[in-house]
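Below is one structure, written out as structure tokens; the observations come after it.
Computed from the coordinates by the stated procedures, all read-outs in this text should not be read as laboratory data. Keep in mind it's a predicted model, so treat the numbers as computed, not measured. Reconstructed Cβ throughout: ideal geometry from the backbone, glycine too, with neighbour counts over all protein chains shown.
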Amino acid sequence: MSRALLARNGRRALPLIYGGRRGTDTLSGVHLAARRFIVDMSYSAHFMDFKGSSIASSMKKLVVTKLSPNFREAVSTQTVAVPTPGDADLLVRNRFVGINASDINYSAGRYDPSVKPPFDAGFEGIGEVVGLGLSASSRYTVGDTVAYFGSGAFAECTVVPAKEAVPVPAVKPEFLTLLVSGATAYIALKRLGDLAKGETVLVTAAAGGTGQFAVQFAKQAGCHVIGTCSTNEKAGFLKSIGCDRPINYTAEDLAKTLKKEYPQGIDVVYESVGGSVLELAVNSLANKGRLIVIGFISGYQSASGIPPFKGGTLPVKLLQKSASIRGFFLPHFLGDYREAMSSMIQMFAKGQLVCEVDFGDLAEEGKFVGLDAVFRAVDYMYAGRNLGKVVVEVAPPSVSNSKL
């Protein structure tokens, strides 16, 4: 065992075993306790590689201290002690964290109203294992690279249950794009889309974090894919990943284009914008069309979190077309998660999947580096400036590949 491996609560690299009997040691004059044998196994409760991984005694993390859809108002940066992993946990030193539209829903307390501040922010991260519990050490070791989907990702280090960690070949931000964005598109289209070759699929916000994957998976299923976006640059990107008809809605009328070019309607809509875009999507459905609601970002920053929707005639519209609207929330489909991740990682390794990452290189204050850059990254995404998945680099790469 490396001398760099220290017990968090004893700083001993080896167990101390000793025995004795009541009396006085004739050489030192030290009074001895009654005869007993003690095996100090505290070192084995968790393994921490402080030296090899440069673990400081404290770290920064983002904490929701006030419920608000205004991320900057709701979240603050705090300095806390580096946490110790439990028996079945990993301590992951985050290299990259992902930004999601739903980060604002989380900071507004919309997912679980019973949870009150303070609570940790962030959903997904990727990095290196720098500490782990005894049970977790049966599957992992210090230096392993893992990704995870769970709360508390906006931190320099995060404790992750070993059973929820996803082993990855390397700490690449592309793998991070798969955790929420890729998995949402993969599972939603597979379970709710019922895609058939030759069908027409509309993806809204197609050049965003999850839209880019919906475009690719629909194309792989043999569908004709339409993607909405806001710039010509994004339209070019969509073409490069197989989108048949990118529509820059700032340059052409989306409703008129769909009505003119697709008079028979749209078979499947992958919708994440909400409001008027959702209304248009409903009106554009073909007979037996399926509309998958994976979000409604246009309303997240409002007090209610829900954009206005004129749904008074919705039952009639669905009935007339035998159409359906289906909601998708990733935590309800975790039984599909492992298979989705495994499949996407293999596709990426084979060059069959593009995972576009946006580090904010073109942002006013530059690339998103450091935990405090999360605030800028959230603003950047909500301004609609991102092309691909918005990712923040929390820390530089480790200089050590220390192993237990």
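Couple of notes before you dig in:
- Whole-number D in µm²/s for segment 204-358 (Stokes-Einstein; Kirkwood sum over Cα pairs; 20 °C, 1.002 mPa s): 129
- Helix content alone sets the calculated 222 nm mean residue ellipticity of the chain: runs of n ≥ 4 DSSP H residues at -39500 (n - 2.57) each, divided across all residues, give -6000 deg cm²/dmol.
- Hydrodynamic radius of segment 191-267 by the Kirkwood approach over all distinct alpha-carbon pairs: 12.3 Å.
- Reference-scaled alpha-carbon Rg (2.2 N^0.38 Å with N residues) for the chain: 1.19
- DSSP beta bridges in the chain [antiparallel fraction, %, rounded to 5]: 65
- The fewest-to-most ranking of GLU156, GLU365, GLU279, GLU124 by surrounding Cβ atoms within 10 Å reads GLU365, GLU279, GLU156, GLU124.
- The packing ranking, built from the mean of other Cβ atoms within 10 Å per residue, places the peptides 56-66, 384-394 in the order 384-394, 56-66, highest first.
- Pairwise label distance in nanometres, LEU334 with SER135, each label 7 Å out on the Cα-Cβ vector: 1.5
- Choice from ILE241, ILE226, ILE104 showing the highest fluctuation, given a GNM over the chain with Cα pairs closer than 10 Å: ILE241
- Of LYS234/LYS389; LYS234/LYS310; LYS288/LYS389; LYS234/LYS256; LYS239/LYS288; LYS197/LYS317, pairs whose Cα-Cα distance is over 22 Å: LYS234/LYS310; LYS288/LYS389; LYS239/LYS288; LYS197/LYS317
- Normalised by the number of residues in segment 45-133, the average gap of Cα pairs under 8 Å and 6 or more apart makes the relative contact order 41 percent.
- Projection of the Cα convex hull of segment 297-373, averaged over all directions and equal to a quarter of that hull's surface, yields 10.2 nm².
- Cut-off 20 Å, label 7 Å out along Cα→Cβ of ARG326, residues of segment 344-360 by amide N: 344
- Helix 337-349 and the longest principal axis of the Cα set of the chain meet at an angle near 80°.
- Gaussian network model of the chain, springs between alpha carbon atoms under 10 Å - residue of VAL316, VAL166, VAL354 with greatest fluctuation: VAL316
- Residue order, fewest to most surrounding Cβ atoms within 10 angstrom, among HIS332, HIS224: HIS332, HIS224
- Computed Rg/Rh of segment 252-336, alpha carbon atoms with Kirkwood Rh: 0.99
- Toward the positive end of the charge dipole of segment 333-404, with +1 on the Cβ of Lys and Arg and -1 on the Cβ of Asp and Glu, the farthest Cα among GLY366, GLY384, PRO396 is that of PRO396.
- Ascending count of other beta-carbon atoms within 10 Å, so fewest first, for THR228, THR250: THR250, THR228
- The chain: angle of helix 373-382 to the longest principal axis, Cα-based, in degrees nearest 10: 10
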